[in-house]
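A short write-up of the structure that comes next.
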Amino acid sequence: MPVAVYIPGSLRNWFGGADEATATGSTVGECLADLARSHPSFDGRLNEPGGGIATLLIFVNGDNVMKDRGLETPVSEGDTIGIIPLAAGG
Amino acid sequence: MIVDEPESHFIFVWHPAIYDGEPYTVFDGKPMTNAQVLKYWGKWLVLGDKPRLDVLAARLDPYVEARRIPCIKYDRAPSKNLGMDECVMMVYCDFRKRDEVWAILASHGVRLKAFVTERETMELWMPGGPLLERFMEEKGMDPATREAIRDDARKRLSTVFDNPDVEFSPWAQ
């Protein structure tokens, strides 16, 4: 199911300059994989040395997914995903 | 009131009484303990360039004055040593009131919804935490300095984690 993904300015170059994208999946991990397929720069960032999910904070409806089930956190239609750099959480 | 003192990395939005020393970690009129802060206190994060955050701060100031938002701080400049290239605004509130505060932010155009608790932030800055370790790496610190900084962080955080019933006292910034 499609969910809206919001992206801050510092990460928009991974998404062709967009501040919003749509991803499909039933979990956060599936949505990120879908985003990576449609946005090669994001895919490259996730797979480069020193990059990856550990450099990001991912939120579903405002909640950090690491407090829930991480990438297995379920998403439903109407949910929103937010992605920010880890450093912004400090 | 917006407190913009050039020697500080942060620009703050305070209620005048809080600027004068009243605690801001308060729930139902009572100052919160360390345990309550660890359980409930946090912030909505808003990322953007400084001009955008300046405008947003001015729009949110009346809500701080009305005590609908406890306080706000944001970067004067991006924290380059942490790899950031935009500023971060932290709109503080109790978890139990975060939906009310989010409604205010959303009414001013904020769409990316990211709430981080103080406990999560402290865990990022604990000895071995990813932000503390990255900060020291970026600064090129030698092993002895790193250990001294870890020890300092350990002591600072232990004042919160090891004294749950003591009234929370924020660090100077």
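Mind listing whichever residues of the range B:136-150 are among the acidic types (D, E) and either in contact with a Cys (Cβ under 9 Å, 6 or more places away or on another chain) or open to solvent by 90 Å² or more (accessible area, probe 1.4 Å) (or both)? Quick ask: steps written out before the conclusion?
The initial filter retains those residues of the range B:136-150 that are among the acidic types (D, E), namely B:137-138, B:142, B:147.
Residues satisfying the conditions are B:E137, B:E138.
When the range A:1-32 is examined, which residues are found to be open to solvent by 40 Å² or more (accessible area, probe 1.4 Å) and either over 21 Å from B:L47 (Cβ atoms) or away from every other protein chain (no Cβ under 12 Å) (or both)? Please lay out each step first, then the result.
Taking the range A:1-32 and keeping what is open to solvent by 40 Å² or more (accessible area, probe 1.4 Å), we get A:1-2, A:12-13, A:16-17, A:19-20, A:22, A:24, A:26, A:30.
Selection gives A:M1, A:P2, A:G16, A:G17, A:T22, A:T24, A:S26, A:E30.
Please go through the range B:8-25 and pick out each residue that is more than 15 Å from B:T117 (Cα to Cα), away from chain A (no Cβ under 14 Å) and in contact (Cβ under 8 Å) with a residue 12 or more places away in the chain.
If we filter the range B:8-25 for residues that are more than 15 Å from B:T117 (Cα to Cα), which is where we start, we get B:8-24.
Checking which are away from chain A (no Cβ under 14 Å) leaves us with B:8, B:11-24.
Correct list: B:S8, B:I11, B:F12, B:V13, B:W14, B:H15, B:P16, B:I18, B:Y19, B:P23, B:Y24.
Restricting attention to the range A:52-80, which residues are in contact (Cβ under 8 Å) with a residue 40 or more places away in the chain and at the interface with chain B (Cβ under 9 Å from one of its Cβ atoms)?
A:T80
Counting only residues that are part of a helix (DSSP H, G or I) and open to solvent by less than 20 Å² (accessible area, probe 1.4 Å), which one in the range B:125-135 is farthest from the other protein chains (Cβ to nearest Cβ)?
Quick first cut of the range B:125-135, residues part of a helix (DSSP H, G or I) only: B:130-135.
Narrowing further to those that are open to solvent by less than 20 Å² (accessible area, probe 1.4 Å): B:131-132.
Details: B:L131: 5, B:L132: 9 Å.
Per the stated criteria, the residue is B:L132.
Looking only at the range B:75-101, count every residue that is surrounded by fewer than 21 Cβ atoms within 10 Å (Cβ to Cβ), within 7 Å of chain A (Cβ to nearest Cβ) and either β-branched (V, I, T) or out of contact with any helix residue (DSSP H, G or I) (no Cβ under 7 Å at 6 or more places or on another chain) (or both) and tell me the total.
0
Quick check on my filter: what residues within the range B:40-55 are open to solvent by 60 Å² or more (accessible area, probe 1.4 Å) and either more than 14 Å from every other protein chain (Cβ to nearest Cβ) or under 15 Å from the mean Cα position of the chain (by Cα) (or both)? Before the answer, list the steps.
Quick first cut of the range B:40-55, residues open to solvent by 60 Å² or more (accessible area, probe 1.4 Å) only: B:49, B:51-52, B:55.
Hit for the range B:40-55 is B:V55, nothing else.
Tell me, which residue of the range A:33-63 that is of a type in the set (S, T, Y) and under 20 Å from B:E86 (Cβ atoms) is surrounded by the fewest Cβ atoms within 10 Å (Cβ to Cβ)? Working first, answer last.
Start the filter on the range A:33-63 by keeping residues that are of a type in the set (S, T, Y), which leaves A:38, A:41, A:55.
Okay, now just the ones that are also under 20 Å from B:E86 (Cβ atoms), so A:41, A:55.
Working: A:S41: 14, A:T55: 16.
Among them, the one singled out is A:S41.
The values are calculated or read from the model by the stated rules, or taken from the named source; none is laboratory data. A quick note: this is a predicted structure, and the numbers were derived from the prediction, not measured. Every residue, glycine among them, receives a Cβ derived from its backbone with ideal geometry; neighbour counts consider all protein chains shown. Side chains included, ligands, DNA and RNA excluded: accessible areas come from the protein's heavy atoms. Shrake-Rupley method; radii C 1.70, N 1.55, O 1.52, S 1.80 Å.
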